[in-house]
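The values are calculated or read from the model by the stated rules, or taken from the named source; none is laboratory data. Predicted, not measured: the structure shown is a model, and the values here were computed from it. Backbone-built Cβ (ideal geometry, glycine too); neighbour counts: all protein chains shown. We work out accessible area using only protein heavy atoms, side chains counted, and drop any ligands, DNA or RNA first. Shrake-Rupley method; radii C 1.70, N 1.55, O 1.52, S 1.80 Å.
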Amino acid sequence: MHVQTGTRTETDQAVVAGGRAATDDRQLIDIVLTSDAHGAFVWGVLDRLLDESGLSLGNITASGFGAMEAAVLAYGLSLGGRRGARTALANFWRRVSHASMLAADSANPLRSILEQSIEIAEIRKKSCPVKLSILASNARTDAVKIFASDQLSIDAIVAAATVPFLFPAVEIDGDTYWGDGDLSSLPPIRPVEAGHRLIIAGKPSMSMTPCEACRPAASHGAMKPAQIHIIFDGRHRAGAALLARPWTDWGELTDIRDRGRQRAEDWLLADHLFVDERSAVDSKNRFI
């Protein structure tokens with residue numbers, strides 16, 4: 001047992017939607033975690049979103065080190081609601097920081113950290129509150145594979161977080177995979193039940209702009225493309241050297257986490273989720 005469970009309160013359930021429509025006045029959003037954002041910045045954004053009782057999380061698509069965080073988030077939500085997710089993420093990052101002091105430069109401690117942080121069977125259950133899609137690149141062909149549902153495994157998540165050429169690729173079903181760094185390989189923007197998609201990225205130049213081919217035909221009047229929001233790290237360049245090795249001392253990690261929390265706070269205060277739904281037709285990117 002990695003997360004202490006307890007009785008879920010109504011506010012705990014506010015972010016547990018499992019891809020279903022949000023109830024009452026809660027806003028359902030899908031999350032995309034890109035590989036160019038520092039993991040501790042992503043942690044901070046997720047930590048702040050978990051505080052927000054007006055939000056429900058639906059589907060999460062993740063690449064890079066964000067795949068680890070997405071799995072930990074899903075596991076924590078499954079066992080203990082919002083509080084469980086925040087605790088699971090904090091415990092995960094404690095392990096990351098500890099690994100930085102013990103691991104040799106040639107070692108890849110990701111598998112050990114992940115195995116201590118989640119139970120993959122919980123995430124694969126149909127009852128898991130959020131649904132994950134994990135992206136990894138085929139080390140031989142560069143083709144991007146999406147691991148979801150019953151394809152999720154410790155191997156797939158570790159492969160997504162493995163930095164190409166710095167660490168060996170991970171073998172899965174006779175082929176080898178490692179991290180994907182190309183945002184263009186993310187699933188195309190398409191109509192989603194949530195109506196909103198939040199991208200957590202490292203820099204604005206990595207933004208996703210939906211192409212015309214991804215928009216629904218006018219005859220499909222009832223379907224709307226997702227409205228795109230982006231929270232990016234304004235100090236991406238300052239932390240760029242950490243991307244190849246996302247673990248570091250606890251004080252530096254929490255500083256980056258707090259920056260992510262503040263970015264999410266600024267975004268929430270701007271009321272980006274509650275704009276006129278008619279603007280969703282334009283699928284406009286929004287930056288913080």
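Which condition number does Ser185 fail, the rest of (1) open to solvent by less than 60 Å² (accessible area, probe 1.4 Å); (2) modelled with pLDDT under 50; (3) small (Gly, Ala, Ser) being met?
So the condition that Ser185 fails would be (2).
Determine whether segment 46-58 contains at least one residue that is open to solvent by less than 10 Å² (accessible area, probe 1.4 Å) and touching a Pro at 6+ places or on another chain (Cβ under 8 Å).
Yes: segment 46-58 contains one or more residues that are open to solvent by less than 10 Å² (accessible area, probe 1.4 Å) and touching a Pro at 6+ places or on another chain (Cβ under 8 Å).
Those residues that are outside any strand (DSSP E or B), open to solvent by 50 Å² or more (accessible area, probe 1.4 Å) and not polar (S, T, N, Q), I need them from segment 108-142; list them, please.
Those that are outside any strand (DSSP E or B), open to solvent by 50 Å² or more (accessible area, probe 1.4 Å) and not polar (S, T, N, Q): Arg111, Glu115, Glu119, Ala121, Arg124, Lys125, Lys126, Arg140, Asp142.
If you take the residues of segment 65-95 that are open to solvent by 10 Å² or more (accessible area, probe 1.4 Å) and touching a Pro at 6+ places or on another chain (Cβ under 9 Å), which of them is nearest to Tyr177 (Cα to Cα)?
Among those residues, the one meeting the criterion is Phe65.
Would you call Pro216 at pLDDT below 85, surrounded by 14 or more Cβ atoms within 10 Å (Cβ to Cβ), not in a helix (DSSP H, G or I) and not hydroxyl-bearing (Ser, Thr, Tyr)?
Taking the combined requirement at face value, the residue satisfies it.
Does segment 99-118 include one or more residues that are more than 21 Å from Val32 (Cα to Cα) and of a type in the set (Asp, Glu)?
Yes: segment 99-118 contains one or more residues that are more than 21 Å from Val32 (Cα to Cα) and of a type in the set (Asp, Glu).
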